[in-house]
Amino acid sequence: MVQRLLSPGEIESLDHTTIPRLVLPQPGVLFSARATRLRQLADGNVPGIPAPDSLHGYLYLMAAVADAQAAIAAAGSPAAASRPAASAPRPPAPPVPPLPPSDAMETALAHNMPPLPVSGPRPAGWGAIYLALLDQLDAAASGQPQLAAVLAGLRALSDTDLEGCADAVLAEFGEGINPLHAPFVAAALQLLWVTHASQLDASRVQPPVTGTLCPVCGSHPLASVIRIGGQAQGYRYLHCAICASEWHMVRVKCSCCEKNARIAYQSLAPAGADTGADEDSGGDPAAAPVNKAQDPSRVARAETCDDCRSYRKIFNQEHDFMVEPLADDLASLALDVLVTEAGYARGSVNPLLWFGSE
Ligand SMILES: [Zn+2]
Ligand SMILES: [Zn+2]
């Protein structure tokens, strides 16, 4: 049977109200799943993303950071209140303070602006979250003098230096940033923004004018992910680097300039193996041919755009159920090398990896 392809006009006219436009993060799941995935990648157990040996130590370290984020996120969950204290190996982590009602947020929601803008003042108590994260990481640092030294350096930062680093992380301004400090500062900011984003009412967050910025916090997306399951089946979402919200964008469209005429896909698979076949329909899964499931060469690819010469990676849950945009982006640095050598610029940074100015 020949499957009829939908024209772009027909795709636009599909009933998009049935597609979840915005999926808010679930901190109780997100960080622990990320830690699990980072270890899976570091152990070499992801056929589609073979992380080089030189990256394994960093992936394990970021897994420990995600564990610390997960522990603090769990402290604020309803289950934490009923958990017997004796089961905790260490003093319980302080929960992230709940999202306070604010006039600024109501005004933002009423004007299609991100309700939790990263460009605005940071919520009170973020410094306490930062210190709690460092406390959680102390256990991981035992027997690791280098990590212990970094944690000591992070504790010694002046308020001015800490705020400056946080500003630089949120503005993706790598110049002069300390690449050893920035991932930990970013992790604390993620914990705060993810927790607050999870407390929003998704139905009240409107899509902003541009599809290329997070509708919740205004950050750039870290990567794309093709989701499976329920109504999201086969749809492409952009994943926010800071608050982990995911918003829908049609497939085969540049997530930097929103043009769609000169998109191509690159993977680490041997040249010629990647035909881009399941993107050729130009749109959403109603038009896509049936995928061959579990093809490692389709788990992680770069979506390049010849209009703006940039790229972002796209991870496909249809080919690996466990894909996690941030973890998979970190582990697939070889794909960045391949695509940047071909002349494309990366669309945005991974907040857990900084290269500094050198
Ligand atoms: Zn966001
Ligand atoms: Zn573009």
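The values are calculated or read from the model by the stated rules, or taken from the named source; none is laboratory data. What you see is a predicted model; the values in this text were computed from it and never measured. All Cβ positions, even for glycine, are placed from backbone atoms using ideal geometry, and neighbour counts span all protein chains on display. For the accessible areas, the whole protein counts, side chains as well, though only heavy atoms, and no ligand, DNA or RNA atoms are used. Shrake-Rupley method; radii C 1.70, N 1.55, O 1.52, S 1.80 Å.
Observations on the model:
- Most to least packed among 182-192, 220-230 [average Cβ atoms within 10 Å]: 182-192, 220-230
- Near the amide H of Lys313, within less than 5 Å, lie the amide hydrogens of Ser224, Glu303, all on another chain or at least 5 residues away, with H placed in the peptide plane.
- Per-residue HN-Hα couplings for region 220-234 [Karplus 6.51, -1.76, 1.60; θ = phi - 60°; Hz; x = Gly/Pro]: 6, x, 7, 6, 9, 9, 8, 8, 10, x, x, 6, 7, 3, x
- For Asp138, solvent-accessible area (1.4 Å; no DNA, RNA or ligand), Å²: 60
- Remark: accessible surface ordering of Ser119, Ser142, Ser158 (largest first) is Ser119, Ser142, Ser158, probe radius 1.4 Å.
- Among the chymotrypsin sites (Phe, Trp or Tyr not before Pro) found in region 300-358, those both in a DSSP coil and sparsely packed, with 16 or fewer other Cβ atoms within 10 Å of their Cβ, are Phe321, Phe355.
- Accessible area in the full protein assembly, largest first, 1.4 Å probe, for Lys259, Lys253: Lys259, Lys253
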